[in-house]
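Worksheet: the structure to be examined is printed underneath.
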Amino acid sequence: MTDVITTIKARTSANNFDPTHVMTAAEISELVEIANEAPTSFNQQNWRTVAVTSAEGKAKLQAAAYGQAKVGAAAATFIMVGDSQGYKQLPRIVQPLLDAGYIDQAAYDGWVGAANGMYAANTQIQHDEAIRSASLAGMTLMLGATAKGLASCPMVGFDPAAVAKEFGLKDGEIPVMIITVGKAAEGNWGRKARLPVTEKLQVA
Ligand SMILES: Cc1cc2nc3c(=O)[nH]c(=O)nc-3n(C[C@H](O)[C@H](O)[C@H](O)COP(=O)(O)O)c2cc1C
């Protein structure tokens, strides 16, 4: 198994994908299982993904992504969907912990109550949480893809309203980013340089 730092340093955004490469349902499911390990606030798990693999789906998504060719060429493009209303799912997420005796009623009430207190009346933080959760899951999915020897590219170059309409997103769901995944073809750029760590790090 490749260690995580090697995987992080190996990931790079690809532009060219092998259009003949097909991912199996099991391979796609495994990547989502990996992404599902990403953390979320209160463990609300307020994201899901639409794996676009059919010719028809790719054509619709490519049109919504301003024609970006890699959406048509890559084996799969994952629409990372954040759910601004995800905190409402917490009772069913936390209940099993109560039932198993892992937490007591006071901890359950505190957990669900604190989340309601934080999100229920604040649409800005509902929105931000959807972006955070889908983004962390997206990064985790890309690292999983890299570890599996697959290329990927995160993208924000798409019309969110068109994606939401074409792929049936529900009220409160946000198409946060789309991520192409597949086999790299020839002609991709190498790794891109980063600004120095000194510009990134403030020690307080
Ligand atoms: C939020 C986000 C949106 C992006 N949108 C696009 C896009 O629409 N099309 C594209 O070709 N690349 C897109 N990229 C890829 C970036 O250009 C790329 O990550 C950046 O140049 C750094 O290169 P690297 O990923 O190879 O390290 C996006 C990346 C991120 C994180």
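We did not get these values from a lab; they are worked out from the coordinates using the rules stated. In this text, all values refer to a predicted model and were calculated from it rather than measured experimentally. Quick reminder, even Gly has a Cβ in these numbers, built from the backbone with ideal geometry, and neighbours come from all protein chains shown.
Translational D (Stokes-Einstein, µm²/s) of the stretch 1-84 at 20 °C and 1.002 mPa s when Rh comes from the Kirkwood sum over C-alpha pairs? Intermediate results must be reported in sequence, preceding the final value.
Details: Rh = 14.6 Å.
The calculation lands on 146 µm²/s.
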>> Under a Cβ-only charge scheme (Lys and Arg +1, Asp and Glu -1), can you give me the dipole magnitude of the chain about the Cα centre, in debye to the nearest 20?
In response: 660 debye
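What's the extension gain from Thr198 to Met118 if we count 0.36 nm per residue and subtract their Cα-Cα distance?
Details: separation 80, 0.36 × 80 = 28.80 nm, distance 3.43 nm.
Separation in residues times 0.36 nm, less the Cα-Cα distance, equals 25.4 nm.
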> To the nearest 20 debye, what is the magnitude of the charge dipole of the stretch 1-122 about its Cα centre, counting +1 on the Cβ of each Lys and Arg and -1 on the Cβ of each Asp and Glu?
Replying inline: 500 debye
> Can you give the extra length, in nm with one decimal, that the chain gains between Glu33 and Asn15 once fully stretched, where that is 0.36 nm per residue apart less the Cα-Cα distance?
Replying inline: 4.0 nm
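Percent of Cα-Cα pairs more than 14 Å apart in the stretch 42-95, please. Each step should come with its number before you reach the end.
On the way: 839 of 1431 pairs.
Roughly 59 percent, once rounded to a whole number.
Given an 8 Å cut-off on Cα distances and at least 6 residues of separation, report the relative contact order of the chain as a percent. All intermediate terms of the calculation are to be shown ahead of the outcome.
Values: 322 pairs, mean separation 70.8, N = 204.
Reported relative contact order: 35 percent.
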>> Using a Gaussian network model on the chain with a 10 Å cutoff between Cα atoms, which of Asp99, Asp83, Asp109 fluctuates the most?
In response: Asp99
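For Lys9, what is the net charge nearby, where nearby means another residue's Cβ is under 15 Å from its Cβ and Lys, Arg count +1, Asp, Glu -1? Spell out each step's value before the answer.
On the way: positive: Arg11, Arg191, Lys192, Arg194; negative: Asp3.
Neighbourhood net charge equals +3.
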> Relative contact order for the stretch 128-204 using alpha-carbon pairs under 8 Å, separation at least 6, rounded to a whole percent?
Replying inline: 35 percent
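Counting Lys +1, Arg +1, Asp -1, Glu -1, what net charge surrounds Pro91 among other residues with beta carbon under 13 Å of its beta carbon? Before the final figure, lay out each step's value.
On the way: positive: Lys88, Arg92; negative: Asp99, Asp109.
It works out to a net charge of 0.
Considering Cα pairs under 8 angstrom that are at least six residues apart, work out the relative contact order of the stretch 17-75 and quote it in whole percent.
On the way: 34 pairs, mean separation 33.1, N = 59.
After rounding, I find 56 percent.
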> What shape does the stretch 155-197 take by its C-alpha gyration tensor, where a ≥ b ≥ c are the square roots of the eigenvalues and a/c under 1.5 counts as rounded, a/b above b/c as prolate, and the rest as oblate?
Replying inline: oblate
> What FRET efficiency, computed as 1/(1 + (r/R0)^6) with R0 = 25 Å and r the Cβ-Cβ distance, is obtained for Gln105 and Asp128, rounded to the nearest 0.05?
Replying inline: 0.25
>> If you build the convex hull over the alpha carbons only and average its shadow over all orientations, what do you get for the stretch 61-189? Give it in nm² to one decimal.
In response: 10.0 nm²
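Once you sort the root eigenvalues of the Cα gyration tensor of the stretch 75-146 as a ≥ b ≥ c, which label holds: rounded (a/c under 1.5), prolate (a/b larger than b/c) or oblate (the other case)? Please report the intermediate quantities before stating the final value.
Values: a/c = 3.19, a/b = 1.58, b/c = 2.02.
Since a/c reaches 1.5 but b/c is at least a/b, the shape of the stretch 75-146 is classed as oblate.
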